[in-house]
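In what follows, a structure is listed as structure tokens, so that the remarks can point back to it.
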Amino acid sequence: MRSTRMNLCALTILGAIALAVPNSAHPAQAAAAVDTPDSGVSATIEGLVRDVACPMQNHNSTATHFNLKCAQACARAGSPLIILTRSDDIYFPMTDQMPDHSVRDQLVPYVGKFVRVTGTVYRRNGTRTIVIRAISVVKGVKLDTNLGDD
């Protein structure tokens with residue numbers, strides 16, 4: 001009887017551990033496993049130029065549904081600028097020079113606009129960067145800029 005109780009207790013503990021340990025098949029982890037460091041690939045991405053803080057803290061904010069006034073205020077206050085894609089990927093703009101220098105002045109005119117960027121994409125542990133070679137506004141993308149507080 002005691003052996004049965006101990007086995008049942010062990011199975012309960014193992015079950016609790018199995019529930020607590022993330023499943024390796026979870027989509028976010030599967031994506032992270034594919035998102036390994038690389039030496040840069042030429043790519044074209046499309047997304048919204050905006051501050052990084054709002055979409056990180058407000059998950060209702062997307063590349064086409066956001067608070068424009070908040071994005072502009074955060075950008076004016078100095079928040080780092082990003083490109084947020086429709087699939088919620090975040091790209092941090094950078095240069096291909098060392099030491100790196102700011103590309104903020106290049107992006108400020110595009111804050112709140114949906115753009116197409118061609119350049120070199122680098123990835124490392126889920127972080128994406130892009131060295132911008134060309135940037136242009138994408139026409140015809142419907143943006144809802146009246147989301148409540150971002």
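The values are calculated or read from the model by the stated rules, or taken from the named source; none is laboratory data. Here the structure is a predicted model, which means the values were calculated and not measured. Here the Cβ is made from the backbone with ideal geometry for all residues, glycine too, and neighbour counts use every protein chain on show.
When the residues of segment 135-150 are narrowed to those that are in a loop (DSSP other than H, G, I, E, B) and surrounded by 17 or more Cβ atoms within 10 Å (Cβ to Cβ), which ends up modelled with the lowest pLDDT? So that I can check it myself, show each step before the final result.
Within segment 135-150, the first condition is being in a loop (DSSP other than H, G, I, E, B), and the residues that meet it are 138-143, 145, 147-150.
Going one step further and asking which of them are surrounded by 17 or more Cβ atoms within 10 Å (Cβ to Cβ), we end up with 147, 150.
On the way: Leu147: 85, Asp150: 55.
Going through the qualifying residues, I end up with Asp150.
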Selection from segment 51-66 of residues at pLDDT 95 or above, over 12 Å from the mean Cα position of the chain (by Cα) and not hydrophobic (A, V, I, L, M, F, W, C) yields Thr64, His65
Just the residues that are in contact (Cβ under 8 Å) with a residue 60 or more places away in the chain and farther than 19 Å from Pro93 by Cβ, please, taken from segment 129-146. Val141, Lys142, Leu143, Asp144, Thr145, Asn146
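Applying the selection to segment 106-134, what residues are touching a Pro at 6+ places or on another chain (Cβ under 9 Å), buried (at least 16 other Cβ atoms within 10 Å of the Cβ) and closer than 23 Å to Arg76 by Cα?
Selection gives Leu107, Val117, Thr129, Ile130, Val131, Ile132.
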Name every residue in segment 80-116 that is assigned to a loop (DSSP other than H, G, I, E, B) and of a type in the set (Val, Ile, Thr), in order of residue number. Thr95, Val103
State whether one or more residues within segment 31-48 are exposed (fewer than 11 other Cβ atoms within 10 Å of the Cβ), more than 19 Å from Gly119 (Cα to Cα) and of a type in the set (A, V, I, L, M, F, W, C). yes
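Any chance segment 117-133 includes a residue that's more than 19 Å from the chain's Cα centre (by Cα), within 21 Å of Gly40 (Cβ to Cβ) and part of a strand (DSSP E or B)? Quick ask: steps written out before the conclusion?
Step one: filter segment 117-133 for residues more than 19 Å from the chain's Cα centre (by Cα), giving 133.
Those left that are additionally within 21 Å of Gly40 (Cβ to Cβ): 133.
Pick out the ones that are also part of a strand (DSSP E or B) and you get 133.
For segment 117-133, residues more than 19 Å from the chain's Cα centre (by Cα), within 21 Å of Gly40 (Cβ to Cβ) and part of a strand (DSSP E or B): present.
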Quick one: how many residues across segment 76-93 are over 10 Å from the mean Cα position of the chain (by Cα) and crowded, with 20+ Cβ neighbours inside 10 Å? 2
